[in-house]
Amino acid sequence: MLAALQNNLAILPILVPLLAGALMIPMDDQRGRLRAGLGILSVLVLLGTALALATQAETGAATTVYRLGNWPATFGIVLVVDRLSALLLVLTALLGLAALTFSLARWQRMGAHFHALFQFQLMGLNGAFLTGDLFNLFVFFEVLLAASYGLALHGSGVARVKAGLHYIAINLAASLLFLIGVSMIYGVAGTLNMADLAARIPSIPAENRKLLEAGAAILGMAFLVKAAMWPLGFWLANAYTAASPPAAAIFSMMSKVGLYAILRLSMLLFGEDAGASAGFGHNFLLIGGIATIGFGAVSVLATQDLGRLAGASVLISSGTLLAAVGAGQVGVTTGALYYLASSALAIGALFLLIELIERGRDVGADVLAVTLEAFGDGNDDEDEEEDEVGVAIPATMAILSACFLCCALLLAGLPPLSGFVAKFAMLSGILNPEGLGRGPTDVSWGGWLLLGALVFSGLATVLAMTRAGIRSLWATSGRAVPRVRVIEIAPVLLLIGLCIGMTAGAGPVLRYMENTAEALHAPKDYLRQVNGGRQ
Amino acid sequence: MELILALAIGVLGGSGVWLLMRPRTFQLIIGLSLLSYAVNLFIFSMGRFPVGKPPILEPGMRGDPAVFADPLPQSLVLTAIVIGFATTALFLVVMLAARGLTGGDHVDGQAGRDR
């Protein structure tokens, strides 16, 4: 029994939320508690599975291949667990746990089928991180997008529907680009398995190579829309700001899906072994990433609104990661992976925190009232219950301010929290291309640009967060202290606590990231495990 | 035959992109549908066009790829069509909601701005 579980561990992150979500659909609102309990249970199982997979990748076999239907890789679809997938699974489960707990206080009642959609969102995310097949990646993208359309509109209201309309239209168009890219790659290479594709790319004849690269570039566009690279990311701030806070928190993981796909595919398909195509698109990613950082930094400075501030932070985070992938050095990738974990948790915490801070303002109350009105009167009894249990925890403002300070430090990359460690690791990677204390240190032009952009974005974030903090936390005249329940502040504390844990345990975490980065840059083990004896 | 298919993809794709840029939600959804038809034909054409060849092996036949149509693009198209249906239906619901909430069919929700 245990051995069977061990063997089938890789499929659990997809199966568990699928089953949980499917069970939740027929449950009506009378079974709210059961539904919420099932949701939390599913997320906890996911977290356990993800941790087990990460341990397995770190201590046991670095790459585990799960063959669906036991077909060999070229014919069947495979799921591949390596350090990168496991890391992202853990992050997804943690953010999912935080967002779901937060939603139990109030947001789950703002619309129908929140819990089921949430589970399907997790299923799509996990599937996209696990799959080793391009078309299967498309399917999981659609699953997570379809669920995210529902979550983006959760709570209804004019602002959400307007932003949701743009969000859906852009993502549908991006999905079409995805299909064009995938089919062009298939037309040239004759396979959609990522590892098989990587093995075939060096031997593609020269006359077909441009077609393959065009296909890869179109495919990349679809991911870049998701990752919100400038100028493809104008939709992001609107959609994320309008979405309900728990949905926005899980969306901060969703923009990491695009980054994951780019990281995985650019390293696997266009790494050093790719023959004439080696390094394809890296400079584009570097320049695009730096432009995104610049755009994000300007929008952070320009915005007056806390929600849009968080949206702009997502842009900066995406830009940093894209540029780091484009830099194509193991040291930078190590720092970038650490940054990915730190910023995903911090932005998730910020989205949840903002709703709590804004609750003291009249504007927030208005939006909520409109939402309730638009959704209908069916929830009157629950509203009364909600008023009863809203016990103000002591020293609310102090805790909120401390959390906001931590988020600001994390996002700006100031010591002592993990944001600083992440930026330091990236800068050290840029300045020492051959590794610390090894070889000559001639830094490329792209490296200097990236270094400048990283420092500048940190400065912009500090300025913007300080201003926003002063305006919303210190200058509180004429504003009530927000009523915050323990169940709402606990997820924020959990996420920030994790970042503090990442700072305290920076050594082991960075070692894990370094192993991940090395495996990404030289994916021999991945290819061997997936392709079997064949090379 | 290649020319007809290429023209069909081009015309569908071009009309789709044009409609995508229009300001009304109805034009938007028709544009997306046309584009997805173009993309589906495009995926299909990546299977190299063997006319009148079966995509499956007959019993007792040797597997010579030259005699068969590639079944994979066909299955990809099928999946893409199904997913396209689902997302189009979902988008229609959102559009109806937007129509109800904003009182107009402008994609930015500005009712009757240029009427």
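Here are a few things to note about the model shown:
- Residue A:3-residue A:463 pseudo-label distance in nm [points 7 Å out on the Cα-to-Cβ vector]: 6.4 nm
- Share of carbon and sulfur in the accessible area of chain A stands at 66%, probe radius 1.4 Å.
- Per-residue mean of C-beta atoms belonging to partner chains within 10 Å, peptide B:16-22: 1
- Percent of Cα pairs exceeding the 22 Å cut-off, where the set is segment A:54-211: 55 percent
- Taken about its Cα centre, chain B carries a charge dipole of about 300 debye when Lys and Arg each add +1 at the Cβ and Asp and Glu each add -1 at the Cβ.
- Per residue of peptide B:84-94, the mean number of Cβ atoms on other chains within 10 Å of the residue Cβ is 4.
- Cut-off of 10 Å, at most 13 other beta carbons, DSSP loop: longest stretch of chain A lacking such GluC sites (Glu not before Pro): A:1-271
- Kirkwood hydrodynamic radius over Cα pairs of segment A:237-340, then Stokes diffusion coefficient at 10 °C and 1.306 mPa s, in µm²/s: 110 µm²/s
- A versus B: buried accessible surface, summed, Å² (probe 1.4 Å, to nearest 100): 2400 Å²
- Per-residue mean of C-beta atoms belonging to partner chains within 10 Å, peptide A:182-194: 3
- Label sites at residue A:504 and residue A:112, each approximated as a point 7 angstrom past Cα along Cα to Cβ, lie 4.6 nm apart.
- Helix A:12-24 vs. chain A, principal-axis angle (Cα, 0 to 90°, nearest 10): 40 degrees
- Between the helical axis of A:134-152 and the longest alpha-carbon principal axis of chain A there is an angle of about 10 degrees.
- Cα-Cα pairs of the protein assembly as shown separated by more than 48 Å (percent): 12 percent
- What the Cβ-Cβ distance of residue A:75 and residue A:396 gives, at R0 = 45 Å and to the nearest 0.05, is a FRET efficiency of 0.15.
- C-alpha long axis of helix A:245-269 to longest principal axis of chain A, angle in °: 10 degrees
- Its DSSP H runs of at least 4 residues, each contributing -39,500 (n - 2.57), put the calculated 222 nm mean residue ellipticity of chain A at -25000 deg cm²/dmol, to the nearest 500.
- Heavy-atom accessible surface of segment A:123-211, averaged per residue, reaches 23 Å², computed with a 1.4 Å probe.
The values are calculated or read from the model by the stated rules, or taken from the named source; none is laboratory data. Since this is a predicted model, take the numbers as computed values, not measurements. Note: ideal-geometry Cβ built from the backbone for every residue, glycine included; neighbour counts use all protein chains shown. For the accessible areas, the whole protein counts, side chains as well, though only heavy atoms, and no ligand, DNA or RNA atoms are used. Shrake-Rupley method; radii C 1.70, N 1.55, O 1.52, S 1.80 Å.
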